[in-house]
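Visitor: Before we start, here is the structure in question, set down as structure tokens.
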Protein chains: 2
Amino acid sequence: MDEKAALAVFECLSSGVRLGVFRLLVKAEPVGVVAGDIAAALDVAPSSLSFHLRTMTQAGLLRVEQEGRFLRYRANLALMTEVVGFLTANCCSGVPGGCRDADVLAGRISDCGASNPMQESKA
Amino acid sequence: MDEKAALAVFECLSSGVRLGVFRLLVKAEPVGVVAGDIAAALDVAPSSLSFHLRTMTQAGLLRVEQEGRFLRYRANLALMTEVVGFLTANCCSGVPGGCRDADVLAGRISDCGASNPMQESKA
DNA sequence: ACGATAATTCAACTATTTTGGAAATATCGA
DNA sequence: TCGATATTTCCAAAATAGTTGAATTATCGT
């Protein structure tokens, strides 16, 4: 993962429409959703959605597969993992314990035994 | 963390300049860097940098503190952790094992004992 | 083969973001 | 207090991104 690829991922998720697409597809894992259903779910014009899907696919955030005249899209979760690793690489050089958040984030300090630390907190 | 806040974070990291700022500050944790040094390091005009720093601070991605006539900026790693949790919440509903990447990413399956799983792989 | 359906591409248009210089604000050191 | 320094704010120009509808490509069902 280089800076260019990471930037492409963030560009993808920086539009309301594209963030909506990604969230929808994350929920729909591992089945995926065909383009038309995405458009209907998010109320976006087909050509506009197509534009966004292309951007996201090129960035590697989505995987696409043809099913007859449908195109089924899926989220690429592994890429997000890479991005987080990229962000926290070379972090906090030489300051032991000074960067807990980043360490947990990158999986270097594991949070074993903690109960669902990432659960969304209602609000 | 709601969708609006997550979107703001991604908007922040979707510009080359801002991604550069964040990476610089992650590396500089927990000391931080003053605005002028950020501008010098990234070769950005002061007024332009100021614009980006304001965006990032408003999104909560940066913390700022005044030191005389300097402003020292720091990265807020905890927010990134929240964002990842937000992204993977409600993921892969009812499909056991069908979403390993997301589970590892969100810390629900811990990767205890694995050796530095996030290390950047040379390329 | 033919009409209907799924999705994409294209081109023009609109909207938003980013930039950089000049001016403003505030702190520092002597 | 005064000049230098650090940073921000303001504003107009330049650059990018997003939307739309029409045309296009390809597959489906009959």
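Visitor: Given a 1.4 angstrom probe, what's the average accessible area per residue across the range A:3-77, in square angstrom? Mind showing how you got there, number by number?
Guide: Values: 3630 Å² over 75 residues.
Accessible surface, normalised per residue, equals 48 Å².
Visitor: Between residue A:60 and the same site in the other copies, what are the distances in nm, shortest first, taking label points 7 Å from Cα along the C-beta direction?
Guide: 2.9
Visitor: Just to verify a number: what accessible area does residue B:63 come out at with the full protein assembly present, 1.4 Å probe, Å² rounded to tens?
Guide: The accessible area of residue B:63 comes to roughly 140 Å².
Visitor: Residues of A:76-86, mean number of Cβ from any other protein chain within 10 Å of their own Cβ, rounded to a whole number? Please list the in-between numbers first.
Guide: Values: counts 1, 12, 5, 1, 7, 7, 4, 4, 6, 6, 3.
Mean partner-chain Cβ count within 10 Å for A:76-86: 5.
Visitor: Would you work out the relative contact order for the range A:3-77, in percent, from Cα pairs under 8 angstrom that are 6 or more residues apart? The partial results should precede the final answer.
Guide: On the way: 82 pairs, mean separation 27.4, N = 75.
Answer for the range A:3-77 is 37 percent.
Visitor: Placing the label point 7 Å from Cα along the Cα-to-Cβ direction, what are the distances from residue A:36 to the equivalent spots in the other copies, shortest first, in nm to one decimal?
Guide: Here the equivalent label points are 6.3 nm apart from this one.
Visitor: For the peptides A:46-52, B:75-81, what is the packing order when you average, over each peptide's residues, the other Cβ atoms within 10 Å and list the highest mean first?
Guide: Values: A:46-52: 14.3, B:75-81: 21.9.
The most tightly packed comes first, giving B:75-81, A:46-52.
Visitor: Let's see if you can work this out: charge +1 on each Lys and Arg Cβ, -1 on each Asp and Glu Cβ, no other charges. What is the dipole magnitude of the range B:3-76 about its Cα centre, in debye to the nearest 20? It would help to have the intermediate numbers written out before the result.
Guide: Working: 9 positive and 7 negative charges, 13 e Å.
About 60 debye.
Visitor: How many Å² of accessible surface get buried when A and B come together, counting both sides, probe radius 1.4 Å, rounded to the nearest 100?
Guide: Numbers: alone 8310 and 8310 Å², together 12290 Å².
Roughly 4300 Å² of accessible surface disappears when A and B pair.
Visitor: In addition: Return the residues of the range B:13-40 for which accessible area with all protein chains present is lower than in the chain on its own by 50 Å² or more; set the probe to 1.4 Å and exclude ligands, DNA and RNA.
Guide: Those are B:14, B:19, B:23, B:26, B:27, which lose 50 Å² or more relative to the chain on its own.
Visitor: For the range B:1-68, with all protein chains present and a 1.4 Å probe, just round the carbon and sulfur fraction of the accessible area to a whole percent. List each step's numbers first, then the result.
Guide: On the way: 1660 of 3150 Å².
Whole-percent figure for carbon plus sulfur exposure: 53.
The values are calculated or read from the model by the stated rules, or taken from the named source; none is laboratory data. Predicted, not measured: the structure shown is a model, and the values here were computed from it. Neighbour counts run over all protein chains shown; Cβ positions are idealised from the backbone, glycine included. Only protein heavy atoms, including side chains, enter the accessible area calculation; ligands, DNA and RNA are left aside. Shrake-Rupley method; radii C 1.70, N 1.55, O 1.52, S 1.80 Å.
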